[in-house]
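Enquirer: Following this message is one structure expressed as structure tokens.
The values are calculated or read from the model by the stated rules, or taken from the named source; none is laboratory data. All of these numbers come straight from a predicted model, not from anything done at the bench. Cβ: placed from backbone, ideal geometry, glycine included. Neighbour counts: every protein chain shown.
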Amino acid sequence: MSASTLNTTSNLWKQVRKTVANWTTVRRIMSVLLFLLAWTILVQFTGQFHQIPTPAAVFAALFQLKLGVIFTEIFRSFVRVLCGFLLGLLIGFPIGVAIGYSRIANYLLFPAVEMVRPIPPIAWIPLTVLFFINIESQIVFLTFYGAFFPIVYNTMGGISEVDIRLPRAAMSFGINRMGMLWKIILPAAMPQIFTGMKVAIGITWLMVVAAEMIASKGGLGYWVWYHHTVMEYPMVILGMGIIGLCGALCSVGIDVIGSHFMKWRNIF
Amino acid sequence: MKNQINTIPEKINESDFVFERPSFLSKIFNLKMVLNTASVLSLFVIWGLLVNFGIYRFVLIPGPAEVLEWGIKWMGSKDFWMDASLSTLRVLGGFTFACLIAIPTGLMIGWNKIFSDLTFPTLEILRPIPGIAYIPIAILFFPWEEASVAFICFVGAFFPILLNTITGVKLIDRDYFRAAQCLGSKPRHIFWHIVVPGALPSISTGAALGMGIAWMASVAGEMISGKWGLGYRIWEAYTLIRYPLIVDGMIVIGLLGLGSSTLIRFITLRLIPWRKAITESLDESITK
Amino acid sequence: MVDSNHKGEVVFENVTRAVQTKKTETIILDHCSFVIESGKLTVLIGPSGCGKTTIINLIAGYEKPDRGKVLIDGKPVAGPDRERLVAFQETALFPWLTCYDNVMFGPLATKVMTREEAHEQAINLLEKVGLGDFLYKYPMQLSGGMMRRAELARALINRPTVMLMDEPFRGLDAMTRELMQEYYLRLVEESHGTHLFVTSEIEEAIFLADRLIIMTNKPSRVKHALDIDLPRPRIASVLRSKRYLELKALTLEILHEEAVKASMASGKADIAIDSGLRT
């Protein structure tokens, strides 16, 4: 009743102006163009970086890509990342919940986890290579290890930062311990758990690239390294771009799954 | 891990309301201490047992005793100090550059819409590319190996610091800007007195995060392209079948990484005294 | 210094302001006209969500009217200015500055007075609001009431021509609130500036006001304006006088009419808009 439209004469052009053809969009496109321009100038007109390919060369390389080959490599890396990530989730999530929710588990597990954590996952490469015979399992272990700690720490942190009024309110309804975990604690900790997963998938991609560069057994990391050794530099940059794209895709995927689990956050 | 809700008491016991002075023995032998010690010890015991009984391929993995022995020997050599100091220098170099560029850029992106539109899309395109993937380019870019490893550390540390700085600025309460405006602040004054201090806590988090990733990147960089440094040393130990040295190297890397992150937290905590004031007043209210 | 006795008259001329939500535009102020007289304490009261904060934002210059004019001493509002100070709903003391530094912020930003002058006035003001012992505490270390007092001091040191108070004592307990009102009245009666005080509490409104403006429900207009002729300086005993009770009854009657209308319309009221106003 009180709500009425002030401006009923908005035509199509106004809408377009508002959403697409405004200064913000122009500036954003400018941003990318300026970057490409700076890159070209740096490479073309200074002696120092002459080995680095120009954007044009990279664009040209795009048409020389053998689609079959590149998609196999993408597929291989994806499978490794997903295996490691899911393994990390499967093992890391329960441990994170245990440390966050049970005092005994916290006392028992937390110091051990805290001692191993500072060692960066990359430093595990030599031991992993030593321990696992199969190269696939080496790479999957490394990706798993990269995903493990962010998931554990964010699950734990998410649970410990739940507003204490929520469990207290639930307690006065006579909820039991399991109900408390599933109905109150986990939903409330969900945003941070998904933040952890996003961090984890980023590190998983980093790990897969490093492991593949060293292991020389296919995958995008290997593909980039191979083109580096045969000095096909435009391909190297293209490969980096593809890796970035895959990483971004995974991160968006987790956002989509996350927003499905946390519908209550998307109302506004 | 203060203020943590570990367990929700099932019911309130009478004993919860009885305050007794804890005796010396109960201070040492409380549940927490016992379990924490058990946790750390069991890590080493399980490791030792697995290696000792050679379960699956644990025969190949060095045991705790061997690692200790080699570690002491290695710490005495000149190589160790060379490796450790070189790696630290590379990390610090890359990290410092990352801070110098990422913090001002992040502050500007968070504060100024036009600057944000002009730079953020490009950065957003570059961000998902993991630091490790820059290794081939870094080798091309810098024929000097020191610089190429430092560059990889720089790329690794850059984005966590940048993104945290941006969110730091965006999270500043809008009322603070309005209050400053109506108190007569000009834009420059607002930048130095509202934007910078307001974003500091978040920048501190980003810096600690970036430091961790810089260490990780340095290890990868040295493994692939180095001739000195801890990352190179553990890879060399693998190829020369000096396996205990691998574990020693991992431990040293872990300790140095932990040390530098702690240092950053310590330094930044000095820069944000009002945060300390919050925790202090919380403690006060709890003890009162 | 500006002679604040004859300045700071705020005039609303047929002001219309609408807020855009995703699909529709909702009118918050609808051809709203009133005058806030200079050198007086005007209190604005109305049902919650009736656009009181919007009025504050319009005068402060954070928002612009869609139609009509907001005039200050005959000139339209151009943007935020240090002549018009706002005390915010939840305090906006800078958490990274101590109580004293917060009060010094304005003088140091504008450099209208020397550091020594400002220092003297800051100490003076903080003592007047009872914070003499808390100069070097951070806002987070103060209680809710102390923060509001510090905010008052921070605003008043700049001697604004128009002081805008956006439900500044909201969320305080009844005792602290009474205390704050007395502190505030003492400062106002000394400063002689123009004050606009927004509230949804009738007792507070009548106790403080020289002039009371009662708003209608959304879209808001002025429903009624009352001159409160209680004697000044006001003290707590005013609350028991006959005149006070009469005025309260009258206000209640007018407001009740509005509240009924509001609850009738609430079936269609948009929650999103309500909260959009506040954020």
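Enquirer: Would you confirm, using the coordinates I've provided, whether C:T53 is part of a helix (DSSP H, G or I) and within 14 Å of chain B (Cβ to nearest Cβ)?
Expert: For C:T53, the condition - part of a helix (DSSP H, G or I) and within 14 Å of chain B (Cβ to nearest Cβ) - is met.
Enquirer: Given (1) modelled with pLDDT of 90 or more; (2) of a type in the set (D, E, K, R); (3) within 21 Å of B:G131 (Cβ to Cβ), identify the lone condition not met by B:D248.
Expert: (3)
Enquirer: Looking only at the range B:233-269, count every residue that is without any contact (Cβ under 8 Å) to a residue 24 or more places away in the chain, among the hydroxyl-bearing types (S, T, Y) and closer than 16 Å to B:W74 by Cα and tell me the total.
Expert: Final tally of qualifying residues: 1.
Enquirer: Only one residue in B:I72, B:I125 is surrounded by fewer than 18 Cβ atoms within 10 Å (Cβ to Cβ) and within 24 Å of A:P53 (Cβ to Cβ), so which one is that?
Expert: Just a single option satisfies the conditions, and that option is B:I125.
Enquirer: Which fully enclosed helices (runs of 4 or more DSSP H) of the range A:112-190 have 1 or more residues being within 9 Å of chain B (Cβ to nearest Cβ), at pLDDT below 90 and more than 26 Å from A:V208 (Cβ to Cβ)?
Expert: In the range A:112-190, the matching helices (runs of 4 or more DSSP H) lie at A:135-160, A:165-171.
Enquirer: Still on this structure, please answer the following. Among the residues that make up the range C:59-78, is at least one of them crowded, with 20+ Cβ neighbours inside 10 Å, out of contact with any Pro (no Cβ under 7 Å at 6 or more places or on another chain), facing chain B (nearest Cβ under 9 Å) and closer than 21 Å to C:P168 by Cβ?
Expert: No: zero hits.
Enquirer: So, one more: If A:A200 satisfies every condition in (1) crowded, with 24+ Cβ neighbours inside 10 Å; (2) over 13 Å from the mean Cα position of the chain (by Cα) but one, which is the exception?
Expert: The one condition A:A200 does not meet is (2).
Enquirer: Name the pairs whose Cβ atoms lie under 8 Å apart, with the first residue in the range A:87-112 and touching a residue at least 60 places away in the same chain (Cβ under 8 Å), the second among the aromatic types (F, W, Y), and 6 or more positions between them or separate chains?
Expert: A:L87/A:F144; A:G88/A:F144; A:G88/A:Y145; A:G88/A:F148; A:G92/A:F148; A:G92/A:F149; A:G96/A:Y153
Enquirer: Go through (1) modelled with pLDDT of 85 or more; (2) over 15 Å from C:M163 (Cβ atoms) for C:I56 and report which single condition fails.
Expert: The number of the failed condition is (2).
Enquirer: Report, by residue number, each residue of the range C:94-111 that is more than 8 Å from chain B (Cβ to nearest Cβ) and crowded, with 24+ Cβ neighbours inside 10 Å.
Expert: C:C99, C:N102, C:V103
Enquirer: Kindly indicate whether A:I99 is within 12 Å of another protein chain (Cβ to nearest Cβ), surrounded by 16 or more Cβ atoms within 10 Å (Cβ to Cβ) and outside any helix (DSSP H, G or I).
Expert: No.
Enquirer: Please identify the pairs in which a residue from the range B:205-232 that is more than 19 Å from B:P136 (Cβ to Cβ) has its Cβ atom under 6 Å from the Cβ atom of a residue that is among the charged types (D, E, K, R), counting only partners at least 6 apart or on another chain.
Expert: Correct list of pairs: B:A208/B:R265; B:L230/B:D83.
Enquirer: Moving to a separate point now. Looking at this structure, is C:T114 within 13 Å of chain B (Cβ to nearest Cβ) and of a type in the set (S, T, N, Q)?
Expert: Answer is no for this residue.
Enquirer: For the range B:119-130, state whether one or more residues are at pLDDT below 85, outside any helix (DSSP H, G or I) and over 15 Å from B:M216 (Cα atoms).
Expert: no
Condition check ((1) at pLDDT 85 or above; (2) within 30 Å of A:A215 (Cβ to Cβ); (3) of a type in the set (D, E); (4) under 26 Å from the mean Cα position of the chain (by Cα)) across all residues:
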{"position": "A:S4", "(1), (2), (3), (4)": "no, no, no, no"}
{"position": "A:V20", "(1), (2), (3), (4)": "no, no, no, no"}
{"position": "A:M30", "(1), (2), (3), (4)": "yes, no, no, no"}
{"position": "A:H50", "(1), (2), (3), (4)": "no, no, no, no"}
{"position": "A:I74", "(1), (2), (3), (4)": "yes, yes, no, yes"}
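Enquirer: Another question, if that's okay. Determine which single condition C:K111 fails, assuming it passes every other condition in (1) among the basic types (K, R); (2) at pLDDT 85 or above; (3) closer than 19 Å to C:R159 by Cβ.
Expert: So the condition that C:K111 fails would be (2).
Enquirer: If you take the residues of the range B:131-142 that are in a helix (DSSP H, G or I) and without any contact (Cβ under 8 Å) to a residue 12 or more places away in the chain, which of them is nearest to A:G239 (Cα to Cα)?
Expert: This residue is B:A133.
Enquirer: Mind listing whichever residues of the range B:134-167 are of a type in the set (A, V, I, L, M) and closer than 15 Å to A:F49 by Cα?
Expert: Across the range B:134-167, the qualifying residues are B:I137, B:A138, B:I139, B:L140, B:A147.
Enquirer: Looking at C:M180, is it outside any loop (DSSP other than H, G, I, E, B), buried (at least 20 other Cβ atoms within 10 Å of the Cβ) and free of Cβ contacts under 8 Å to residues at least 60 places away in the same chain?
Expert: Values: outside any loop (DSSP other than H, G, I, E, B): yes; buried (at least 20 other Cβ atoms within 10 Å of the Cβ): yes; free of Cβ contacts under 8 Å to residues at least 60 places away in the same chain: yes.
So C:M180 passes the test.
Enquirer: Which members of the range B:128-169 meet the condition of being under 20 Å from A:A211 (Cα atoms), under 19 Å from the mean Cα position of the chain (by Cα) and either surrounded by fewer than 23 Cβ atoms within 10 Å (Cβ to Cβ) or within 9 Å of another protein chain (Cβ to nearest Cβ) (or both)?
Expert: If the condition is that a residue be under 20 Å from A:A211 (Cα atoms), under 19 Å from the mean Cα position of the chain (by Cα) and either surrounded by fewer than 23 Cβ atoms within 10 Å (Cβ to Cβ) or within 9 Å of another protein chain (Cβ to nearest Cβ) (or both), then B:P130, B:G131, B:I132, B:G156 are the ones that fit.
Enquirer: Another question about this same structure. Of the numbered conditions (1) among the charged types (D, E, K, R); (2) more than 25 Å from C:A150 (Cβ to Cβ); (3) assigned to a loop (DSSP other than H, G, I, E, B), C:R82 fails exactly one; give the number of that condition.
Expert: (2)
Enquirer: Next up: Out of all the residues in the range B:188-199, is one or more in contact with a helix residue (DSSP H, G or I) (Cβ under 8 Å, 6 or more places away or on another chain), within 14 Å of chain C (Cβ to nearest Cβ) and not in a helix (DSSP H, G or I)?
Expert: Scanning the range B:188-199, I find no residue that is in contact with a helix residue (DSSP H, G or I) (Cβ under 8 Å, 6 or more places away or on another chain), within 14 Å of chain C (Cβ to nearest Cβ) and not in a helix (DSSP H, G or I), so the answer is no.
Enquirer: Separate question: Looking at the range C:27-34, is at least one residue acidic (D, E) and either modelled with pLDDT of 85 or more or within 18 Å of C:V188 (Cα to Cα) (or both)?
Expert: Taking the range C:27-34 and keeping what is acidic (D, E), we get C:30.
Within this subset, residues satisfying the condition of being either modelled with pLDDT of 85 or more or within 18 Å of C:V188 (Cα to Cα) (or both) are none.
No, the range C:27-34 has no match at all.
Enquirer: Another question, if that's okay. Which of (1) without any contact (Cβ under 8 Å) to a residue 24 or more places away in the chain; (2) crowded, with 20+ Cβ neighbours inside 10 Å; (3) over 17 Å from A:F75 (Cβ atoms) is the odd one out, the single condition A:I214 does not satisfy?
Expert: (1)
Enquirer: Does any residue of the range C:183-192 turn out to be among the aromatic types (F, W, Y), touching a residue at least 40 places away in the same chain (Cβ under 8 Å), out of contact with any Lys or Arg (no Cβ under 9 Å at 6 or more places or on another chain) and surrounded by 15 or more Cβ atoms within 10 Å (Cβ to Cβ)?
Expert: No: the range C:183-192 contains no residue that is among the aromatic types (F, W, Y), touching a residue at least 40 places away in the same chain (Cβ under 8 Å), out of contact with any Lys or Arg (no Cβ under 9 Å at 6 or more places or on another chain) and surrounded by 15 or more Cβ atoms within 10 Å (Cβ to Cβ).
Enquirer: Specify which of the listed residues (A:I159, A:I151) is among the β-branched types (V, I, T) and over 14 Å from A:F85 (Cβ atoms).
Expert: Unique residue meeting the criteria: A:I159.
Enquirer: Okay, next question. Can you name the condition, by its number, that C:V70 falls short on among (1) touching a helix residue (DSSP H, G or I) at 6+ places or on another chain (Cβ under 7 Å); (2) under 23 Å from C:I202 (Cα atoms)?
Expert: Against the list (1) touching a helix residue (DSSP H, G or I) at 6+ places or on another chain (Cβ under 7 Å); (2) under 23 Å from C:I202 (Cα atoms), C:V70 comes up short only on (2).
Enquirer: Any idea which residue in the range B:237-260 is surrounded by the most Cβ atoms within 10 Å (Cβ to Cβ), counting only those that are more than 8 Å from chain A (Cβ to nearest Cβ) and part of a helix (DSSP H, G or I)?
Expert: By that ranking, first place goes to B:D248.
Enquirer: Scanning for something farther than 24 Å from B:I272 by Cα and out of contact with any His (no Cβ under 7 Å at 6 or more places or on another chain), does the range C:88-105 turn up at least one residue?
Expert: There is at least one residue in the range C:88-105 that is farther than 24 Å from B:I272 by Cα and out of contact with any His (no Cβ under 7 Å at 6 or more places or on another chain).
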